[in-house]
């Protein structure tokens, strides 16, 4: 559906670049530790289409329909564009699917209801399930959710938007051990140098760009992983 001049002007401020300026490295560090992050907004339309789950990879908790909706949502929240890869390449949806079988298990019912509501609202307001909409219409649905205009959600659409936005940020910028930030896409995107056990004098004085460390914190010998695929105990 076409947007009017006011919507277009408002959408100009919703770029991924402005999202990262607000998020900053402090927000990235919080995402790595899975701490809640500050509210943000959906990104504008980009030509890249959302990618499906990797072929042959079994879903752990989501149904196929839920996975389609989730992949499309995370692809619009942090899109692949001229700034580089986004949540799709970082496998943020995989992180969420995996976490819903473990640390985020208490949110599983909310995801089932919320993703169904996204598709129902998209069908009613735009004429197709969310994953089948154009990027422009997907952004319009997400903005309706963020503004609590979208109907059919419990308790409301903005609560579900905040939850899925937060988990998308976590999945994009977390330690790769948790199933997201594949190939360190998220860390590369914002210039996060990586986890390190010591900091040099040059790094402390900020006179030199720190050398990037691209390994999971749990690859370091001082950490011991316990609790299987979904848990750890430093």
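The table for this structure:
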| read-out | value |
| --- | --- |
| Count - residues of the stretch 114-148 that are closer than 18 Å to residue 59 by Cβ, surrounded by fewer than 19 Cβ atoms within 10 Å (Cβ to Cβ) and without any contact (Cβ under 8 Å) to a residue 60 or more places away in the chain | 1 |
| Long-range neighbours under 8 Å by Cβ, at least six apart or interchain, first residue on the phi < 0 side of the Ramachandran plot and assigned to a loop (DSSP other than H, G, I, E, B) within the stretch 46-74, second buried (at least 16 other Cβ atoms within 10 Å of the Cβ) and modelled with pLDDT under 50 | 59/53 |
| The stretch 185-206: number of residues that are surrounded by fewer than 19 Cβ atoms within 10 Å (Cβ to Cβ), outside any loop (DSSP other than H, G, I, E, B) and modelled with pLDDT of 80 or more | 2 |
| Members of the stretch 207-226 that are exposed (fewer than 10 other Cβ atoms within 10 Å of the Cβ) and modelled with pLDDT under 75 | 221, 222, 224, 226 |
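The values are calculated or read from the model by the stated rules, or taken from the named source; none is laboratory data. Predicted, not measured: the structure shown is a model, and the values here were computed from it. Please note: Cβ atoms are built from the backbone with ideal geometry, for glycine as well, and neighbour counts cover all protein chains shown.
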